[in-house]
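> If you scroll down you'll find the structure; I have some questions about it.
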Amino acid sequence: MFQRESEERMVLLEERLGKREFQQAIENNDFLFFYQPIYALRNETLIGVEVLSRLNYKKEGILMPNFFLQQAVECNMMTEVTAYLLDHVLSQKRFWSTQMGKNIDTTINLGISDIRSGVFTEMLEKKMLEYDTDPSMVTIDISEEILERGYDAVFEECYMLNKLGVKLAIDHFGKGNISLGYLATLPLHAIKMDKSMITGITEKEGKLRLVSGIISMGRKLDIEVGATFVDSKMVKILLARINCQFVQGNYLGKAVPAFEITDLIRNN
């Protein structure tokens, strides 16, 4: 039932969301950005945030990316949307650095549409120069699903981004069937284990051993390993015991507006 309703809603949005609507959304600042805290497990300090975008579409309310990104591609507005995101996020990052004295790592998700555009890396480079951003404090997340498709453009983009000095991470690791050989060939800084990998580690010894093995493999490849969707204290404790390096999830902090991260930095 839920899937059918989602598909019907998507069809309606395709009819309503066009180039004009996206242009108005950018002009009116209708895109919203939330930031989920990322913590180092070793000392439980805030080390970064992951950016999550939403569209406050007046006729439909708050839309998730799966409801609007593809339509932005269809009406040739993805480049403008990405530029708007980078302006907003890097400006916010500069504020935290200059006004709060906290240069925290900022994670931005890279979609297949950005890769296909052929201009993402060039745009990111220009924006980082404009906002005086330290590239080493920017992480680009690429989902395992995108890598699994085997697009040559993905690998080319990874190496171009690596030359800029930003960090690369595989997101949702373990959700698909990516070849472990990719981990050795790509210039990766980190992998982020998917929810499916973390769920059940408090009850299933085999699942815990699997996660521990992935962390050990990461150390051998000099790749940091983190966990997403950490939803309880016990999960956090178990991950710390097996030397998981960083975590994020609702137990540690939900995705919140920028001002709440500002408060978090101030109180930290």
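> Treating segment 197-255 as a set of equal point scatterers at the Cα positions, no solvent, please give the Debye-formula log₁₀ I(q)/I(0) at q = 0.24, 0.27, 0.29 Å⁻¹.
The computed values of log10 I(q)/I(0) come out as -0.95, -1.15, -1.26.
> Now for a different question. How far apart, in nanometres, would the label points at SER216 and ARG42 be if each is projected 7 angstrom from Cα along the Cα-to-Cβ direction?
Going by the 7 Å Cα→Cβ label model, 2.1 nm.
> Okay, moving on. How many angstrom separate the Cα center of segment 93-108 from the Cα center of segment 24-43?
Cα centroid to Cα centroid, the span is 12 Å.
> Can you pull the Rg over Rh of segment 116-181, Cα-only, Kirkwood? If you can, show how the numbers build up before the last one.
Details: Rg = 12.8 Å, Rh = 12.8 Å.
Value, to two decimals: 1.00.
> Evaluate 2.2 N^0.38 Å with N set to the residue count of segment 23-178, then give the Cα radius of gyration divided by it. It would help to have the intermediate numbers written out before the result.
On the way: Rg = 15.7 Å, N = 156, 2.2 N^0.38 = 15.0 Å.
This ratio for segment 23-178 stands at 1.05.
> Suppose R0 equals 41 Å. What FRET efficiency, 1/(1 + (r/R0)^6) with r the Cβ-Cβ distance, do GLU122 and SER232 give to the nearest 0.05?
So the FRET efficiency works out to roughly 0.45.
> Under 12 Å from the Cβ of ILE170, count the other residues' Cβ atoms, weight Lys and Arg +1, Asp and Glu -1, and hand me the total. Walk me through the intermediate numbers first.
Details: positive: LYS167, LYS175, LYS192; negative: ASP141, GLU144, GLU145, GLU148, ASP171, ASP194, GLU224.
So the environment of ILE170 carries a net charge of -4.
> Follow-up. Among rounded, prolate and oblate, which fits segment 73-113 when a ≥ b ≥ c are the square roots of the eigenvalues of its C-alpha gyration tensor, a/c under 1.5 means rounded, and a/b larger than b/c means prolate?
On the way: a/c = 7.44, a/b = 2.48, b/c = 3.00.
Taking the square roots of the gyration eigenvalues as a ≥ b ≥ c, segment 73-113 is oblate.
> Can you sort SER97, SER53, SER216 from fewest to most other Cβ atoms within 10 Å of each residue's own Cβ?
On the way: SER97 17, SER53 21, SER216 13.
Sorted ascending by nearby Cβ count, the order is SER216, SER97, SER53.
> Then there is this: Evaluate the distance, in nm, between pseudo-label points positioned 7 Å from the Cα of CYS75 and of LYS59 along their respective Cα→Cβ axes.
Output for this residue pair reads 0.9 nm.
> What is the Rg over Rh value, at two decimals, for segment 14-65, using alpha-carbon atoms and the Kirkwood definition of Rh?
On the way: Rg = 15.8 Å, Rh = 13.0 Å.
The Rg/Rh ratio comes out at 1.21.
> Can you check how the C-alpha radius of gyration of segment 159-268 compares to 2.2 N^0.38 Å, as a plain ratio? Write down the numbers at each step before the final one.
Working: Rg = 15.2 Å, N = 110, 2.2 N^0.38 = 13.1 Å.
Compared with the compact-globule rule of thumb, segment 159-268 sits at 1.16.
> Peptides 127-136, 82-91: what's the order by average Cβ count within 10 Å, highest mean first? All intermediate terms of the calculation are to be shown ahead of the outcome.
On the way: 127-136: 15.4, 82-91: 18.8.
Per-residue mean Cβ counts within 10 Å order the peptides as 82-91, 127-136.
> Say the cut-off is 29 Å between C-alpha atoms; which of LYS127/LYS233; LYS126/LYS192; LYS59/LYS102; LYS102/LYS167 go over it?
Values: LYS127/LYS233 38 Å; LYS126/LYS192 27 Å; LYS59/LYS102 38 Å; LYS102/LYS167 18 Å.
Listed pairs above 29 Å: LYS127/LYS233; LYS59/LYS102.
> Quick one: compute the contact order of the chain, relative version, from alpha carbon pairs under 8 angstrom and 6+ residues apart, as a percent. Before the final figure, lay out the partial values.
Details: 395 pairs, mean separation 48.1, N = 268.
Worked out over the chain, it gives 18 percent.
> Stick to the Cα atoms of the chain, pair each with every other, and give me the Kirkwood hydrodynamic radius in Å at one decimal.
Details: mean 1/r = 0.0511 Å⁻¹.
Evaluated on the chain, it is 19.6 Å.
> How high is the relative contact order of segment 192-238? Use alpha-carbon pairs under 8 Å, at least six apart in sequence, and give a whole percent.
On the way: 38 pairs, mean separation 24.3, N = 47.
For segment 192-238, the relative contact order is 52 percent.
> Using only the Cα atoms, work out Rg/Rh for segment 90-236, with Rh taken as the Kirkwood radius, to two decimals.
Working: Rg = 16.5 Å, Rh = 16.5 Å.
With Rh from the inverse mean 1/r over Cα pairs, Rg/Rh is 1.00.
> If you don't mind, another one. Compute and list, largest first, the equivalent-ellipsoid semi-axes of segment 71-155 from the alpha carbon gyration tensor, each √(5λ) rounded to a whole angstrom.
Working: eigenvalues 125, 45, 22 Å².
So the three semi-axes of segment 71-155 are 25, 15, 10 Å.
> Something else about it: Going by C-beta contacts inside 10 Å, put ARG219, ARG54 in order with the fewest on the left. Walk me through the numbers on the way to the answer.
Working: ARG219 12, ARG54 18.
Ascending number of Cβ neighbours within 10 Å: ARG219, ARG54.
No lab work stands behind these numbers, since they all come straight from the coordinates. Since we're looking at a predicted model, the values are computed, not measured. Cβ atoms come from the backbone with ideal geometry, glycine included; neighbour counts cover every protein chain shown.
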